[in-house]
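The values are calculated or read from the model by the stated rules, or taken from the named source; none is laboratory data. Since the model is a prediction, treat every value here as computed from it, not as a measurement. A quick note on method: Cβ atoms are made from the backbone with ideal geometry, for glycine too, and the neighbour counts reach across all protein chains shown.
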Amino acid sequence: MGSFLIFLIGTVSLLAADILSTKFLDDSDMALWAEMRALFGVLAVLLTLGLEMVLIRSPKSARILLRLIIVQTLILGLPLGFAVHHLGYMNSPWAATLFGAGAAFITAQGQYFRSQGAFVVSQLAQQGWRLATLATLIYLAFHKSEVLLSLDLIVALAVFICSLLGWCFVIVHQRNGDNEYSGLVNHYSISFRFFCTNLVLQAALFGEQLLVNGLGSNLQASIFFTHMTYFLLPVTVVSAYLGFRIGPWLRDHPDSFESAVVKYRYSLFLLTLGVVAIIQVVGLLGWQIIKPAVSEVNVFLIFSFFFSASLRIYYTFSSAYNGIFATPHDHDTLIVAQVMLLLCLAAFVYVFRHAVDILYLVAIAGGINWLARTAISDVVMRNRIERRQKVTS
């Protein structure tokens with residue numbers, strides 16, 4: 001219960017920061033904030049290289065895995081920060097460097113404590129930056145003229161400082177921890193597949209916003225992000241916490257999960273549709289009350305986000321199962337299929353970018369992406385379940 005309360009506080013804080021940005025920030029700063037929201041997970045994946053997921057599978061190797069993540073981040077952080085800035089995202093390469101390092105450290109710390117069953121501390125490590133960011137945006141909203149630093153640098157500093165505090169928790173917890181060593185080749189052979197899978201997932205989760213920011217104007221980025229804030233991002237309260245808790249439970253209760261999936265899969269999807277519908281109604285009411293700077297509601301974006309949000313929640317089940325029980329061959333299949341899918345969608349966006357409004361084009365591509373990736377993940381999961389049942393029978 002404690003971990004859920006902390007998770008809820010952190011998630012609501014981030015959502016409040018998003019809502020605050022849609023109300024008080026101008027188009028350029030709102031677009032910058034949307035970029036940082038989208039880049040957090042992407043940069044974390046690029047710097048941890050999948051080792052944070054190996055922590056779940058090999059909790060006794062935590063000490064060596066955490067050290068590897070620190071070394072990787074120190075080596076790759078600076079060039080990655082400059083690369084992000086060169087691509088046109090974030091105002092400062094130094095902000096991108098600090099932000100990426102903080103994101104990588106926070107992600108690794110959260111997964112470490114999760115692998116150890118310390119769910120409350122895991123959530124403290126993961127949610128602290130969200131509270132700090134909310135406080136930062138509240139101050140900027142009302143005292144922007146007094147601040148000399150840019151938005152991205154201030155937020156990056158807040159995230160990085162939170163990650164340093166997180167290491168204090170890790171050091172204390174690791175004093176009596178295990179130190180099993182399985183070899184670098186073994187760790188990286190597993191982590192590489194997680195890296196590819198997570199990178200594709202982050203592209204699916206936040207690539208839409210990055211595309212709109214990269215191909216559209218600040219106004220279009222603001223419109224897209226505002227609709228995401230009210231009609232898509234609140235769904236992460238459900239999907240993120242579900243993903244947080246289901247992995248360790250799945251690892252220990254595979255038979256219960258497999259029987260439930262086979263028996264209740266259609267009921268589960270209908271329940272998902274109902275939950276998303278309720279969340280979107282609440283989002284529409286919130287829009288009418290708060291009245292964001294983007295005043296008009298885009299009905300097409302609402303329906304598009306309803307479709308993709310429903311699939312995002314349903315995808316969590318097969319994704320968690322595949323992450324724990326899928327074989328290397330299964331992961332290779334997922335990676336290849338999802339990369340090919342993203343390449344096809346990138347070509348689709350490139351071909352029609354001048355013929356269709358970028359808002360609608362990206363929304364359509366996002367819906368197709370989530371439909372296809374959910375189907376692919378579901379097929380791999382069902383095949384794996386069938387193979388497991390044949391072995392145990």
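Assorted remarks:
- Positions within region 347-389 being touching a Leu at 6+ places or on another chain (Cβ under 7 Å) and under 30 Å from Ile324 (Cβ atoms), in sequence order: Ala365, Ile368, Asn369, Trp370, Leu371, Ala372, Arg373, Thr374, Ile376, Ser377, Val380
- If you go through region 115-165 and pick out every residue that is surrounded by 15 or more Cβ atoms within 10 Å (Cβ to Cβ), free of Cβ contacts under 8 Å to residues at least 24 places away in the same chain and not in a helix (DSSP H, G or I), you end up with 0.
- Looking across region 206-259 at every residue that is modelled with pLDDT under 80 and within 23 Å of Pro292 (Cα to Cα), the one that is surrounded by the fewest Cβ atoms within 10 Å (Cβ to Cβ) is identified as Val237.
- Only one of the numbered conditions (1) modelled with pLDDT under 90; (2) surrounded by fewer than 22 Cβ atoms within 10 Å (Cβ to Cβ); (3) under 22 Å from the mean Cα position of the chain (by Cα); (4) aliphatic (A, V, I, L, M) is not met by Leu184, and that is (3).
- So Arg245, is it in contact (Cβ under 8 Å) with a residue 12 or more places away in the chain, under 28 Å from Glu35 (Cα atoms) and among the charged types (D, E, K, R): yes
- Looking across region 25-64, the residues that are in a helix (DSSP H, G or I), among the aliphatic types (A, V, I, L, M) and either farther than 22 Å from Val200 by Cβ or not assigned by TED's automatic domain parsing to the domain that holds Thr107 (or both) come down to Met30, Ala31, Leu32, Ala62, Ile64.
- Yes/no for Ile69 being free of Cβ contacts under 8 Å to residues at least 40 places away in the same chain, crowded, with 19+ Cβ neighbours inside 10 Å and not polar (S, T, N, Q): yes
- Flag for Thr97 being in contact with a helix residue (DSSP H, G or I) (Cβ under 8 Å, 6 or more places away or on another chain) and modelled with pLDDT under 95: no
- Hey, Ser145 assigned by TED's automatic domain parsing to the domain that holds Asn213, over 18 Å from the mean Cα position of the chain (by Cα) and either modelled with pLDDT of 85 or more or of a type in the set (Ser, Thr, Tyr) (or both) or not: no
- Given (1) out of contact with any Ser or Thr (no Cβ under 9 Å at 6 or more places or on another chain); (2) modelled with pLDDT under 90; (3) within 27 Å of Ala337 (Cα to Cα), number of the condition Leu201 does not satisfy: (1)
Quick grid of which residues meet (1) at positive phi; (2) of a type outside the set (Val, Ile, Thr); (3) free of Cβ contacts under 8 Å to residues at least 40 places away in the same chain; (4) surrounded by fewer than 22 Cβ atoms within 10 Å (Cβ to Cβ):
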residue: Phe307; (1), (2), (3), (4): no, yes, no, yes
residue: Arg312; (1), (2), (3), (4): no, yes, no, no
residue: Ser318; (1), (2), (3), (4): no, yes, no, no
residue: Ile335; (1), (2), (3), (4): no, no, no, yes
residue: Val349; (1), (2), (3), (4): no, no, no, yes
residue: Arg353; (1), (2), (3), (4): no, yes, no, yes
residue: Arg373; (1), (2), (3), (4): no, yes, no, no
residue: Arg387; (1), (2), (3), (4): no, yes, yes, yes
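- Of the residues making up region 292-303, at least one is in contact (Cβ under 8 Å) with a residue 12 or more places away in the chain and exposed (fewer than 15 other Cβ atoms within 10 Å of the Cβ).
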